[in-house]
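The values are calculated or read from the model by the stated rules, or taken from the named source; none is laboratory data. The structure presented is a predicted model; accordingly, all values stated were derived computationally and were not measured. Neighbour counts are summed over all protein chains in view; Cβ atoms, including those assigned to glycine, are modelled from backbone coordinates with ideal geometry.
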Amino acid sequence: MDKGNVWDERAQAYRDSAPHAAGPDLDRLVEWAGAGAGKTALDVGSGGGHLARRLQEAGYAVTTCDPSPGMHPDVICRAEELPFPRASFDLVASRLAFHHFTSTELALAEVARVTADAFLLEDLLFVDERVEQAEKLRDPSHMRCYSLDEWRALFAAAGLAIEASEVIERQTSFSAWLERCNCTGETAERARELLSHRLDGDNYASTVFLLEGVKTS
């Protein structure tokens with residue numbers, strides 16, 4: 001089964017996901033975005049549409065894009081091949097999607113190309129190799145997470161300057177985290193073992209980062 005079909009099957013679970021629908025991380029992204037009246041925004045890897053909804057509420061005219069038809073994006077495409085002209089949007093944003101992209105470098109180059117000014121990013125922060133192994137067990141579409149130093153280098157290579165950054169610990173239900181990707185049985189137990197240092201009962205501490213970038217050229 002290809003990734004597109006997998007994500008089509010998961011679409012409703014992500015639309016219904018409480019930690020995706022709200023939280024201080026989402027609030028901060030919207031705060032950084034600011035008032036959007038008269039402005040356009042692109043949500044890359046829009047998933048359940050939670051970021052797009054909040055940006056629309058802030059006044060932005062939002063276009064969503066995602067490779068999964070089941071997520072009901074405005075445009076079905078990969079982040080590495082955005083079908084938009086240069087500087088098409090006042091703001092480009094992506095939340096909790098970059099660790100699924102095949103090429104972080106290409107995706108960053110594309111968002112830098114299509115934004116006229118700013119790019120807002122939230123994704124999982126690299127914690128340790130045990131967390132990486134658990135992420136891949138739970139969801140084979142997981143590619144990898146990066147440290148903040150690695151992200152700074154990636155942004156610079158894409159022609160983006162970082163104006164603000166923040167790291168946030170998100171608390172979520174471990175069982176719900178598994179269920180969203182239909183991770184069960186021995187695979188789920190192995191993931192639990194790998195994440196034992198991040199678990200308190202059913203509470204899973206997941207570390208995310210937020211970056212506010214602007215084009216340098």
Q: Take T187 and decide whether it is out of contact with any Phe, Trp or Tyr (no Cβ under 6 Å at 6 or more places or on another chain), surrounded by fewer than 20 Cβ atoms within 10 Å (Cβ to Cβ), over 30 Å from A87 (Cβ atoms) and among the hydroxyl-bearing types (S, T, Y).
A: yes
Q) Which ones in the range 162-192 are touching a residue at least 12 places away in the same chain (Cβ under 8 Å), assigned to a helix (DSSP H, G or I) and not aromatic (F, W, Y)? A) S175, A176, L178, E179, R180, T187, A188, R190, A191, R192
Q) Tally time: how many residues in the range 68-90 are in a loop (DSSP other than H, G, I, E, B), surrounded by 15 or more Cβ atoms within 10 Å (Cβ to Cβ), in contact with a helix residue (DSSP H, G or I) (Cβ under 6 Å, 6 or more places away or on another chain) and not hydrophobic (A, V, I, L, M, F, W, C)? A) 2
Q: Could you tell me whether A107 is more than 15 Å from the chain's Cα centre (by Cα) and not β-branched (V, I, T)?
A: no
Q. Which is surrounded by fewer than 22 Cβ atoms within 10 Å (Cβ to Cβ) and either within 14 Å of the chain's Cα centre (by Cα) or modelled with pLDDT under 95 (or both), of R152, R144, R95, R130?
A. R144
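Considering only residues that are β-branched (V, I, T) and either more than 12 Å from the chain's Cα centre (by Cα) or surrounded by fewer than 19 Cβ atoms within 10 Å (Cβ to Cβ) (or both), which ones fall in the range 20-53?
Restricting attention to the range 20-53, the residues satisfying the condition of being β-branched (V, I, T) are 30, 40, 44.
V30, T40, listed by residue number.
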Q: Report whether or not E135 is outside any loop (DSSP other than H, G, I, E, B) and crowded, with 21+ Cβ neighbours inside 10 Å.
A: yes
Q. Quick one: which helices (runs of 4 or more DSSP H) sit completely within the range 5-59 and have at least 1 residues that are modelled with pLDDT of 95 or more and in contact with a strand residue (DSSP E or B) (Cβ under 6 Å, 6 or more places away or on another chain)?
A. 24-33, 50-57
